[in-house]
Amino acid sequence: MTCIVGINTGSKIIIAGDRMGSGRLTYNQYHEKVFKKDDFIFGVCGCYRVMQLIKHKFVIPKMKVGQTVDNYLYNDFTDNFMQLIRDNNCAVKKDDIYTMNADVLFGFKDNLYAMYGNFQILSNNKGYEAMGSGCYHAMASLYSTQDLNITAEDRLKKAIVCASEFVLSVDSTVDMVELKYADDSITPETPSIKKPLPTAGMEIKAM
């Protein structure tokens, strides 16, 4: 079980995750769930095998010249991802519909996306998202901090720590990974990150 959270700051995408791994009666805290691969950053909750496949086996297709991001993600990217999950026995078929026991938060280009167990990809207009067993507490925390003068990194850490206080399957250890916008994808009207504050105690992977 997990809490994966992400923020779009207006100049970069940041995804953070806890390290809790739990079963029915036991748990451990040694699993990092956020990482960068090619032009993407990922955070995965649910089946660890899905996370391992994305990180170590998924061959991410390249965008075609002239292809829109939506067309690429909803077709090439998703089709290849679904094939990976099916080929490696991580998909369940029921009534001719495939699902997976995992949810994936990812950053690509200048946006934050959520892929759910039925492989649909969504992106909200709030600029932040949370997934996993601690998602409701984390979303409430992110909402409560959106007008505070603290960094996006601190907001993400607070969200996971908040979830860990109330959800037994979430750990307070925080890993982060970030993806900066390409220079030509930043628009003047996009809000920028607030003035940074110290972020001691967090492991942040700058890309």
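Per-residue answers, yes or no, for (1) among the aromatic types (Phe, Trp, Tyr); (2) under 23 Å from Ile85 (Cβ atoms); (3) more than 17 Å from the chain's Cα centre (by Cα); (4) modelled with pLDDT under 95:
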site	(1), (2), (3), (4)
Thr2	no, yes, no, yes
Ala16	no, no, no, no
Gly23	no, yes, yes, yes
Tyr30	yes, no, yes, yes
Phe35	yes, yes, no, no
Asp39	no, yes, no, no
Tyr48	yes, yes, no, yes
Lys55	no, yes, no, no
Asp70	no, yes, yes, no
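So, of the residues in segment 161-175 that are surrounded by fewer than 21 Cβ atoms within 10 Å (Cβ to Cβ) and of a type in the set (A, V, I, L, M, F, W, C), which turns out to be farthest from Ser133 (Cα to Cα)?
Once the filter is applied, the top-ranked residue is Val161.
Please go through segment 84-119 and give me each residue that is among the aromatic types (Phe, Trp, Tyr) and under 30 Å from Lys12 (Cβ atoms), ordered by number.
Scanning segment 84-119 gives Phe106, Phe108, Tyr113, Tyr116, Phe119.
If I filter segment 121-136 for residues that are crowded, with 17+ Cβ neighbours inside 10 Å, modelled with pLDDT of 95 or more and assigned to a helix (DSSP H, G or I), do I get at least one hit?
Yes.
Taking only segment 176-191 into account, find how many residues are at pLDDT below 95 and crowded, with 17+ Cβ neighbours inside 10 Å.
The qualifying residues number 1.
The values are calculated or read from the model by the stated rules, or taken from the named source; none is laboratory data. Since the model is a prediction, treat every value here as computed from it, not as a measurement. For neighbour counting, all protein chains shown are included, and Cβ atoms are generated from backbone atoms with ideal geometry for every residue, glycine included.
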